[in-house]
Every structure is written in structure tokens, then in C-alpha cells.
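The values are calculated or read from the model by the stated rules, or taken from the named source; none is laboratory data. Source: prediction; values computed, not measured. Heads up, the Cβs are rebuilt from the backbone with ideal geometry, glycines too, and the neighbour counts pull from every protein chain shown. The area values use the complete protein model at the heavy-atom level, side chains included, leaving out ligands, DNA and RNA. Shrake-Rupley method; radii C 1.70, N 1.55, O 1.52, S 1.80 Å.
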Amino acid sequence: MTIDEIIAFVAALDGVLTVRPGPDDGSPEISWGDTFFYYAPSGVAPTTTQPFATIVTKNYPGDEKSRLDSPAAFRVNVAAGKESFIQWTGRAPRETADDVDPSVTDTVIAHPVYGYAGWLAVVNPAERTETTTRELLRTAYDLARSRYERRAGATN
């Protein structure tokens, strides 16, 4: 899977706002080149919710073990929820496990920084994880949409 294929897949889902920070939009330089997906049917980035998925193309402070500074390395990060997290890791999100190399490619792992919050990650998804990555992205989208609809219902 390429970054462009992943972006096209997620952007095709109804109500998705795809944010790709760059030098001319006032975003922090570290985010340039990465991609953030929000459920935002209004087309406006929400200020009170996190994206439901991201694609990062470099190491962030505290996340150097993923080795995303390698050429063509990227990681898909997905807020897939507790059930999916347990299914893929065999543990609850707040349970720690240090036995996984966060730079392993084409494998579903707990996010090396945000696993405690139920985030999963795949470095350079390929043949082994392509279908799974799409399913996890769809699950994260469905969860984000449900949260949005619950909040919208609460304000009406």
C-alpha cells in the first residue's frame, strides 16, 4: 500500500476531512508531510477531537524507535478502539508490553506512544496487512462517526 492509496481510501468515506499540513498553513513544521483524518462532515477541522487516523512520515520526539527516518518509511496510526486493540495485541490498551519492535513492517502493533489509548499502528503496510489496515481504518472511521453523531444529538 502506498500513502496515496491509503489517503484515497479514507478520503472516499463520507464526511472525512483530510488534513495535510504544509509550510503555508501555519501548522507546526514537524507535521508537514503527514496526513490527519477527521470525521468532519462540515469540512471544518474539529478543535475538540483528535483525528481518527494519521499517516506519519518521520520520527516524532519520543518515538524514534519506529525508525521512520528511513527512506520511504511511514506509519499508519489508527484509533481502532478497545475491541480491535485487544483482538490484535491480546491485551488491554493500558496493559504495557515492551516485547514488540515498533519498527517492524507490515505488522499490526500497538502504537508505540498512544497504545495506552487504544491506537494501533502499521509501519509500511503491504501484502500481509493491506486488507487489515483498510478494515482498521473503516472501524476507526465508524467509531469517529458514532461519537460525532452522539455529540450532535446531545446538542440538539
Practice problem: Scan the stretch 14-57 for residues that are surrounded by 17 or more Cβ atoms within 10 Å (Cβ to Cβ), not in a strand (DSSP E or B) and not small (Gly, Ala, Ser) and jot them down. | Solution: PRO21, ASP34, PRO51, PHE52
Self-check item: Failed item, numbered, when ALA80 is tested on (1) under 12 Å from the mean Cα position of the chain (by Cα); (2) modelled with pLDDT of 95 or more
Solution: (2)
Exercise. Inspect the stretch 107-130 for any residue being touching a residue at least 24 places away in the same chain (Cβ under 8 Å), in contact with a Gly (Cβ under 9 Å, 6 or more places away or on another chain), over 23 Å from ILE30 (Cβ atoms) and open to solvent by less than 40 Å² (accessible area, probe 1.4 Å) and give the result as yes or no.
Key: yes
Quiz item: Is it true that VAL104 is aliphatic (A, V, I, L, M), more than 22 Å from ARG147 (Cβ to Cβ), open to solvent by 40 Å² or more (accessible area, probe 1.4 Å) and within 17 Å of the chain's Cα centre (by Cα)?
Solution: yes
